[in-house]
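A.B. asks: Please read through the structure below; I'll follow up with questions.
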Amino acid sequence: MLNPYSERAEWLEMLTRELPDMNIQFYPDIYDPDSVEYAVFWVHDTEDMRRYPNLRAILAVTAGVEQFAGGDYPDVPIVRLADEAMAGEMAAYAAHWVVHFHRKLDAYIDQQAAKVWRPIRTAATGDFPVGILGFGAIGRHIGKCLAGLGYPINAWTRSGGEEEGITHYRGRDGLKGMVSTSRAVVNILPDTPETRGLIDAGVLAHFAPGSVYVSLGRGATTVEPDLVSALDDGILSAAVLDVTETEPLPPGSPLWEHPRVRITPHTSGFTRASTAAPLIAANIRRIQRGEQPFPLYDPRRGY
Ligand code: GLV
């Protein structure tokens, strides 16, 4: 059962090509619900899910899977999407904004409008550490990309880590240490009970003065009124939000008009059928052979 949220024709074409022996039924035209073994979607009507008694697995077309928290969906394995092409797009997005603010490219936009030719000296790249909140597959990709440009990388996770060239931080105390030693912080955390509202006034108070915040994981991890205060108090010089607590961002949100906030509509990395469908098809084939698909959603961890 296929119900992606975009590129419907491409998904059908790609999955038909990748799984030629399978009978692919495109929601809502499900002509034989009993034969449905796999469901491919982002979110789906939980009532409709009851129509598929022989369902073996759900394969999400997203990396983030907070939609499955709460147990409303059938009790079958849920497979997340781990698409390197999407991670690459997100890394390019994060790098763009880090470079934009590190190199003061926003100031040149104003200078050009005033016909001003004035070089602004900025910190050397090696003196501009970037912190990555969340260092799973996507966070690591972002870290590698920025390290390749010469930025020192700080990584924060629940459980810490050790690897050459990356300074790892863990836990609540580690979080404060990490943000205080970073000039830009990139948030790629999933939305879980542990991360929800994590970036609040208490944590923002430890950010290095004048630092930049780039959020492209899940909006619920940031307390938006606290973020606005941190910008107004000069703790942060700028914030870039690709994700917000409520999406679309409501017209009444002060974030829209804040002069030091940049908003993009959850587009830092797209799910594209061209790269995602072969990965999902490979996982379906794994299940057919009796192997484990990956990465599996762990409801206890929340991602
Ligand atoms: C998009 O936000 C995703 O989780 O894939």
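The values are calculated or read from the model by the stated rules, or taken from the named source; none is laboratory data. Just so we're clear, the structure is a prediction, and the values are computed from it rather than from any experiment. Glycine also receives a Cβ, built like all others from the backbone with ideal geometry; neighbour counts cover every protein chain displayed. The accessibility values were calculated without ligands, DNA or RNA, using every heavy atom of the protein model including side chains. Shrake-Rupley method; radii C 1.70, N 1.55, O 1.52, S 1.80 Å.
A.B. asks: Over the chain, with the other protein chains present, what is the accessible area per residue in square angstrom, probe 1.4 angstrom?
C.D. replies: I get 50 Å² per residue for this part.
A.B. asks: Another question, then. Ranked from the most accessible area to the least, with a 1.4 Å probe and all protein chains present, what is the order of LYS104, LYS144?
C.D. replies: Order by accessible area, largest first: LYS144, LYS104.
A.B. asks: Let me ask you something else. Translational diffusion coefficient of region 110-158 at 25 °C, 0.890 mPa s, Stokes-Einstein with Kirkwood Rh over Cα pairs, in µm²/s as a whole number.
C.D. replies: D = 193 µm²/s.
A.B. asks: So what's the gap between the Cα centers of region 169-195 and region 212-286, to the nearest angstrom?
C.D. replies: Centre-to-centre (Cα) distance: 16 Å.
A.B. asks: Also: I need the calculated FRET efficiency for the pair GLU47 and ALA107, taking r as the beta carbon distance and R₀ as 30 Å, to the nearest 0.05.
C.D. replies: Efficiency for this residue pair is about 0.05.
A.B. asks: While we're looking at this one, here's another question. Can you give me the pair-distance distribution of region 27-154, C-alpha pairs, 10 Å bins, whole percents?
C.D. replies: Histogramming region 27-154 at 10 Å steps yields 11, 28, 20, 17, 13, 8, 2 percent.
A.B. asks: Pull up the DSSP beta bridges for the chain and report the antiparallel fraction as a percent, rounded to 5.
C.D. replies: 5
A.B. asks: Another one. Can you give the accessible area of MET178, probe radius 1.4 Å, in Å² rounded to 10?
C.D. replies: About 0 Å², ignoring ligands and nucleic acids.
A.B. asks: Given a 10 angstrom Cα cut-off, can you work out which residue in GLU291, GLU89, GLU37 is the most mobile in a GNM of the chain?
C.D. replies: Ranking GLU291, GLU89, GLU37 by mean-square fluctuation puts GLU291 first.
A.B. asks: Using a ≥ b ≥ c from the Cα gyration tensor of region 16-74 (square roots of the eigenvalues), is it rounded, prolate or oblate, where a/c under 1.5 gives rounded and otherwise the larger of a/b and b/c decides, a/b for prolate?
C.D. replies: oblate
A.B. asks: Report the extension gain between THR264 and SER159 in nm, rounded to one decimal, defined as 0.36 nm multiplied by the number of residues separating them, less their alpha carbon distance.
C.D. replies: 34.7 nm
A.B. asks: Taking R0 as 30 Å, what's the FRET efficiency between GLU84 and TRP117 from their Cβ-Cβ distance, rounded to 0.05?
C.D. replies: That gives a FRET efficiency of 0.15.
A.B. asks: Once you sort the root eigenvalues of the Cα gyration tensor of region 162-290 as a ≥ b ≥ c, which label holds: rounded (a/c under 1.5), prolate (a/b larger than b/c) or oblate (the other case)?
C.D. replies: Note, shape of region 162-290 comes out oblate.
A.B. asks: Scaled to the compact-protein estimate 2.2 N^0.38 Å, what is the alpha-carbon radius of gyration of region 77-230, rounded to two decimal places?
C.D. replies: Relative to the 2.2 N^0.38 Å estimate, region 77-230 comes out at 1.08.
A.B. asks: Using a 10 angstrom cutoff on alpha carbons, build the Gaussian network for the chain and name the most mobile of ALA114, ALA208, ALA92.
C.D. replies: With Cα springs under 10 Å in the chain, the top fluctuation among ALA114, ALA208, ALA92 is at ALA114.
A.B. asks: Given contacts defined as C-alpha pairs under 8 Å and at least six residues apart, what's the relative contact order of region 153-220, whole-number percent?
C.D. replies: After rounding, I find 31 percent.
A.B. asks: Would you kindly state how much longer the chain becomes between ASP21 and ASP173 on full extension, computed as 0.36 nm times their sequence separation minus their alpha carbon distance, in nm to one decimal?
C.D. replies: Fully extending the segment from ASP21 to ASP173 adds 49.4 nm.
A.B. asks: With a 1.4 Å probe and all protein chains in place, put ASP29, ASP226, ASP45, ASP21 in order of accessible area, largest first.
C.D. replies: The residues order as ASP21, ASP29, ASP45, ASP226, largest area first.
A.B. asks: Oh, and also: At 1.4 Å probe size, with no ligands or nucleic acids counted, give the accessible surface of MET86 in Å², nearest ten.
C.D. replies: Per-residue accessible area (MET86): approximately 10 Å².
A.B. asks: Ok, one more. Rank these by accessible area, largest first, 1.4 Å probe: ILE263, ILE280.
C.D. replies: ILE263, ILE280
A.B. asks: Using all alpha carbons of the chain, what is the percent of pairwise distances in each 20 Å bin, ordered from the shortest bin to the longest?
C.D. replies: 31, 52, 17, 1
A.B. asks: Something else now. Report the accessible area of HIS141, computed with a 1.4 Å probe over the heavy atoms of all protein chains in place, in Å² rounded to the nearest 10.
C.D. replies: Spelled out: HIS141, probe radius 1.4 Å, area about 50 Å².
A.B. asks: Next question, about the same structure. Can you pull the one-decimal nm distance between simple spin-label points at VAL76 and ASP200, each 7 Å off the Cα toward Cβ?
C.D. replies: 3.9
A.B. asks: Can you send over the carbon and sulfur percentage of the accessible area for region 152-262, probe radius 1.4 Å, protein chains only?
C.D. replies: Reported share for carbon and sulfur atoms: 52 percent.
A.B. asks: Here's something else I'd like to know. Would you mind calculating the relative contact order of the chain from Cα pairs under 8 angstrom and at least 6 residues apart, reporting the percent as a whole number?
C.D. replies: Relative contact order here is 18 percent.
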